[in-house]
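Undergrad: One structure, pasted below without further comment.
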Amino acid sequence: MDVARVLLCLFSVLVSEKFLVAAFSQSLVSDFTFTLPAGRKECFFQTMKKDASLEIEYQVLDGAGLDVDFSLSSPTGHVLYSEHRKSDGVYTVETEDGDNIFCFDNSFSAVSEKIIFFELLMDNMEQEGEEPEDWKEYVHGTDMLDMKLEDIMDTINSVKARLGKSLQIQTVLKAFEARDRNLQESNYDRVNMWSMTNMLVMMLVTGVQVYLIRALFEDKRHVRT
């Protein structure tokens, strides 16, 4: 009986491949890193369905101040979120049919470019009128095996959702690590520069002091014999 149950599990997974693809494709994740020049504004467009969910998370990884202006607009042009001089943010909206617009603005900075990372998490993106195939029609004899295949599918979907969430968290943590590393390297360069400057000033002051002290004790009188 145990062998039959294992075979039935494998069979149900194989014949329901199309169903699994349809079920797992409802949540989409994408991320992008780009350089925003000084004095520039960059906008991106994401096409969404009605009653879907769009989550946007961004971070400024490098650049003076680690800040940028951010705005998110609906397909009708209504501004949903607008933030000024922020280093990171997370925003979630229920979408409509059309292109959602989100922009990063660095026009307030005249000389410093910014490196920006953002990630999009899109839920409920299935096509209208498209329903997953009923995988149970391929499976027979479930009553004899006294087995609930719905529980198996729920477990698989739960594992897939958790793996996707883990991948999303790891991507965000990598972005945090990159930003912190850039900040530390920038501070390291600044410390080295000011240390060298202080050393040169100290050497210059030491030389001036030695010269002045020698000038005080130098006897410039000429003795005739």
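Values in this text are rule-based calculations from the coordinates and carry no lab data. These numbers were taken from a predicted model, which means no experiment stands behind them. With ideal geometry, Cβ positions are generated from the backbone for all residues, glycine too; neighbour counts draw on all protein chains shown.
Undergrad: At R0 = 25 Å, how high is the FRET efficiency between residue 107 and residue 181 if r is their beta carbon distance? Nearest 0.05 is fine.
TA: For R0 = 25 Å, the calculated efficiency reads 0.40.
Undergrad: Cβ under 15 Å from residue 45's Cβ, residue 45 left aside: what net charge do those residues give with Lys, Arg +1 and Asp, Glu -1?
TA: -2
Undergrad: Follow-up question, since we're still on this one. With θ set to phi - 60°, apply the Karplus curve 6.51 cos²θ - 1.76 cosθ + 1.60 along segment 60-69 and write out the HN-Hα couplings as whole Hz, x wherever there is a Gly or Pro.
TA: 8, 7, 7, x, 4, x, 6, 9, 7, 8
Undergrad: Label residue 198 and residue 29 with points 7 Å out from Cα along Cα→Cβ: what is the distance between them in nm?
TA: That separation, rounded to one decimal, is 4.4 nm.
Undergrad: A further question follows. Sorted by average packing, counted as other Cβ atoms within 10 angstrom per residue and highest first, what order do 69-76, 211-218, 29-36, 182-189 take?
TA: Most protected by this proxy first, the peptides run 69-76, 29-36, 182-189, 211-218.
Undergrad: Cα-Cα pairs above 18 Å in segment 22-82: how many percent?
TA: That tail contains 48 percent of the Cα-Cα pairs.
Undergrad: What net charge do the residues around residue 94 carry, taking every other residue with its C-beta under 15 Å from that of residue 94, with Lys and Arg at +1 and Asp and Glu at -1?
TA: That sum, taken over residues with Cβ under 15 Å, equals -3.
Undergrad: Under a plain spin-label model, where a point goes 7 Å from the Cα along Cα-to-Cβ, how far apart in nm are residue 99 and residue 169?
TA: Here the modelled spin labels are 3.6 nm apart.
Undergrad: Taking H as built 1.01 Å from N, whose amide H comes closer than 5 Å to the amide H of residue 41, not counting residues under 5 places away?
TA: Answer set, sorted by chain and number: 106.
Undergrad: In addition: What distance in nm lies between label points placed 7 Å from Cα along the C-beta direction at residue 190 and residue 208?
TA: In this crude spin-label approximation the distance works out to 2.7 nm.
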